[in-house]
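The values are calculated or read from the model by the stated rules, or taken from the named source; none is laboratory data. Please read all numbers here as calculations on a predicted model, not as lab measurements. FYI the Cβ positions are ideal-geometry reconstructions off the backbone, even for glycines, and counts take in every protein chain you see. These accessible areas exclude ligands, DNA and RNA; they are computed on the full protein's heavy atoms, side chains included. Shrake-Rupley method; radii C 1.70, N 1.55, O 1.52, S 1.80 Å.
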Amino acid sequence: MTLDQETREALRQDFDSLVPPSPVDRRAFVAGSLSAGFAAAVAPSGDLLAQVIRTDAQGLTAGDISIPVSGGQLPAYRAMPAGKTRAATILVVQEIFGVHEHIKDVCRRFAQQGYLAIAPELYFRQGDPGKVTSVPDLMRDIVAKVTDEQVMADLDAATAWAAKNGGNPDRLGVTGFCWGGRITWLYSAHSPRVKAGVAWYGRLTGPTSPQNPRHAYDIAARLHGPVLGLYGGEDPGIPLTTVNEMKTRLAAGGKAAKASEFVVYPRAPHAFHADYRPSYRKDAADDGWKRALEWFRAHGVA
């Protein structure tokens with residue numbers, strides 16, 4: 001399966017956000033952690049350790065679960081307040097690198113706010129990105145084979161599991177980062193249960209394929225819940241022209257589309273919320289997190 005230029009560029013931006021800026025450090029990174037797989041590449045080390053947010057599980061029920069789906073058991077990470085029932089539910093959609101510790105920590109952050117947060121492993125049928133040692137292999141063997149139809153069905157299954165295990169199906173939100181940011185837009189149009197979404201630097205348009213027949217542009221008018229888009233002004237993989245076009249399409253859509261908003265952080269790059277990467281920008285990340293919580297409260301998820 002060949003990859004279009006925009007997809008390759010989006011992946012390059014993700015990879016670049018993982019590595020240190022100096023050529024010497026980049027070479028050491030590629031020769032070291034990446035050779036051990038993306039599981040090592042997304043594990044912070046050195047100076048990055050000081051900026052990583054660690055949310056403990058005290059007072060929470062947190063850990064790995066499995067969800068019956070077509071094709072097997074869908075692995076997922078779940079965190080929620082211990083003993084709570086009918087908790088508002090947040091679907092946390094992974095980055096392109098899968099459900100690693102940063103995504104799990106985001107789940108715990110939501111749980112500490114009173115939510116049931118669940119992050120399903122949406123690549124599980126195709127492979128484990130943590131074991132892949134090259135960017136082309138990651139894209140060709142895993143990411144390019146994951147269909148939007150499969151992802152929507154797995155998120156539906158995660159929603160149904162949450163409703164039977166302490167979640168409130170009438171208070172559903174979705175948020176995602178990078179690859180998951182694009183999925184956030186799509187799922188907000190797919191599921192009538194979604195009350196609100198928060199998309200972090202997710203691609204808005206691109207070439208279509210049988211695996212990805214639509215993008216955010218194409219479903220902008222049909223959102224079931226309003227989406228807050230949090231984007232970086234210095235993200236070369238997502239030009240601001242595409243953000244402005246998305247605004248135009250939302251303005252021409254239904255009630256939820258018209259209620260959607262964007263916040264662009266002028267000096268932020270791609271992956272500015274990812275505290276385990278050199279791309280992390282604390283001010284933008286903190287402000288985005290605050291806005292995300294407020295967005296879910298304002299639109300009836302909390």
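Assorted remarks:
- On the stretch given as segment 224-242, residues that are in a loop (DSSP other than H, G, I, E, B) and either surrounded by 18 or more Cβ atoms within 10 Å (Cβ to Cβ) or within 15 Å of the chain's Cα centre (by Cα) (or both) total 6.
- L116 being under 25 Å from A189 (Cα atoms), modelled with pLDDT of 95 or more and not aromatic (F, W, Y): yes
- Search result, residues across segment 145-159 that are touching a residue at least 24 places away in the same chain (Cβ under 8 Å) and more than 25 Å from H273 (Cβ to Cβ): K145, T147, Q150, A153, D156, A157
- Candidates A256, A274, A268: the one that is surrounded by 20 or more Cβ atoms within 10 Å (Cβ to Cβ), among the aliphatic types (A, V, I, L, M), modelled with pLDDT of 95 or more and not in a loop (DSSP other than H, G, I, E, B) is A256.
- Residues in segment 127-142 that are open to solvent by 50 Å² or more (accessible area, probe 1.4 Å) and part of a loop (DSSP other than H, G, I, E, B) were compared, and the one that is farthest from G83 (Cα to Cα) is T133.
- Residue match in segment 151-163 (condition: over 30 Å from P207 (Cβ atoms), open to solvent by less than 50 Å² (accessible area, probe 1.4 Å), in a strand (DSSP E or B) and touching a strand residue (DSSP E or B) at 6+ places or on another chain (Cβ under 8 Å)): no
- Taking the criterion of being open to solvent by 10 Å² or more (accessible area, probe 1.4 Å) and in contact with a Ser or Thr (Cβ under 8 Å, 6 or more places away or on another chain), the residues of segment 84-114 that qualify are R108, R109, Q112.
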